[in-house]
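*Asks:* Quick one: structure below, then a few questions.
The values are calculated or read from the model by the stated rules, or taken from the named source; none is laboratory data. This one's a predicted model, so the numbers in the text were calculated from it and none came from an experiment. Cβ atoms come from the backbone with ideal geometry, glycine included; neighbour counts cover every protein chain shown.
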Amino acid sequence: MNDDALLAEQMAYYRAGAAQYDRPYAEDEALQELLGVVDDLPITGDVLELACGTGQWTPGLAARARSVTAVDASAEVLALARARTPSPTVQFLQADLFQWQPPRRYDTVFFAFWLSHVPPARLPRFWNTVAAALAPGGKAIFVDDGPAAAAYEEVVANQSAPAALRRLDDGSRYRIVKVFHDARTLTNDLAALGWSARIRTTAGNFIGVAEPPTIP
Ligand SMILES: C[S@@+](CC[C@H](N)C(=O)[O-])C[C@H]1O[C@@H](n2cnc3c(N)ncnc32)[C@H](O)[C@@H]1O
């Protein structure tokens, strides 16, 4: 299976599973606590949120931002996100992030639990897109699963990218891309692309703040 097929299956998983997506946020205290980190992060100005899902992070971003533009490929999760944050300063957009080019620049580009779904071969292009979306002085801020989270996934071998198998309540099964970035390696990988990143780990997750390469 190539990356395109894996990414299509990943998108199908999130569309089909929209109604059950929020369950871990309701049941897992650590995840609820993690949402609070937005208060300690330099989120400011006009914020672009990539892969917003059902909008668990969006209200926290909106509370600190002048505006939030939240993008996701799934109409099903976006419907839930819109209902959660009906605010005139928050706009939701449906787009495939592997095709979409941001039409303007933002002070903050935020993404939670998205980086782990980007195939390694597409990471340089992804980070270039994020850099192009940032206004001068802007920052990328991201949260995701670290290597410890691998223990809770059914890893699938021999795919075009690191992958895991996810199951929905109806028994359907989907392969998704799942890369468990280690904070130090990710910091170095970003440095190799010209970014300056500070990434800390907390209870199995990592939280990163990164500044893009400066364009001479
Ligand atoms: C793990 S969820 C993260 C949602 C949210 N950021 C959170 O932390 O709760 C990944 C999200 O990526 C979205 N997604 C999957 N493939 C996508 C694509 N190609 N373009 C845009 N969004 C995509 C899914 O619909 C899903 O909402």
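*Asks:* Could you check, for the range 116-133, whether at least one of its residues is touching a Gly at 6+ places or on another chain (Cβ under 6 Å) and at pLDDT 95 or above?
*Replies:* no
*Asks:* Further, regarding this structure: Could you grab me the full set of residues in the range 119-150 that are in contact with a Lys or Arg (Cβ under 9 Å, 6 or more places away or on another chain) and either within 11 Å of the ligand (Cβ to nearest atom) or over 22 Å from Ser160 (Cα atoms) (or both)?
*Replies:* Ala132, Ala133, Leu134, Ala135, Pro136, Gly138, Asp145
*Asks:* A further question follows. I'm checking my understanding of the structure. Among residues of the range 207-216 that are part of a loop (DSSP other than H, G, I, E, B) and in contact with a helix residue (DSSP H, G or I) (Cβ under 7 Å, 6 or more places away or on another chain), which one is surrounded by the most Cβ atoms within 10 Å (Cβ to Cβ)?
*Replies:* Applying the filter and picking the extreme gives Pro212.
*Asks:* Something else now. Out of curiosity, is Gln10 among the polar types (S, T, N, Q) and either in contact with a Ser or Thr (Cβ under 9 Å, 6 or more places away or on another chain) or within 27 Å of Gln99 (Cα to Cα) (or both)?
*Replies:* So Gln10 fits the description; yes.
*Asks:* Additional query: Which ones in the range 32-52 are within 9 Å of the ligand (Cβ to nearest atom) and in contact with a Phe, Trp or Tyr (Cβ under 6 Å, 6 or more places away or on another chain)?
*Replies:* Of everything in the range 32-52, those that are within 9 Å of the ligand (Cβ to nearest atom) and in contact with a Phe, Trp or Tyr (Cβ under 6 Å, 6 or more places away or on another chain) turn out to be Glu49, Leu50, Ala51.
*Asks:* What single numbered condition from (1) within 23 Å of Pro212 (Cβ to Cβ); (2) assigned to a loop (DSSP other than H, G, I, E, B); (3) of a type outside the set (Val, Ile, Thr) fails to hold for Ala161?
*Replies:* (1)
*Asks:* Of all residues in the range 164-206, which are crowded, with 17+ Cβ neighbours inside 10 Å, assigned to a strand (DSSP E or B) and without any contact (Cβ under 8 Å) to a residue 60 or more places away in the chain?
*Replies:* Scanning the range 164-206 gives Ala164, Ala197, Ile199.
*Asks:* Okay, next question. So, in the range 39-56, exactly how many residues are touching a residue at least 60 places away in the same chain (Cβ under 8 Å) and more than 22 Å from Pro103 (Cα to Cα)?
*Replies:* Residues that pass the stated criteria total 2.
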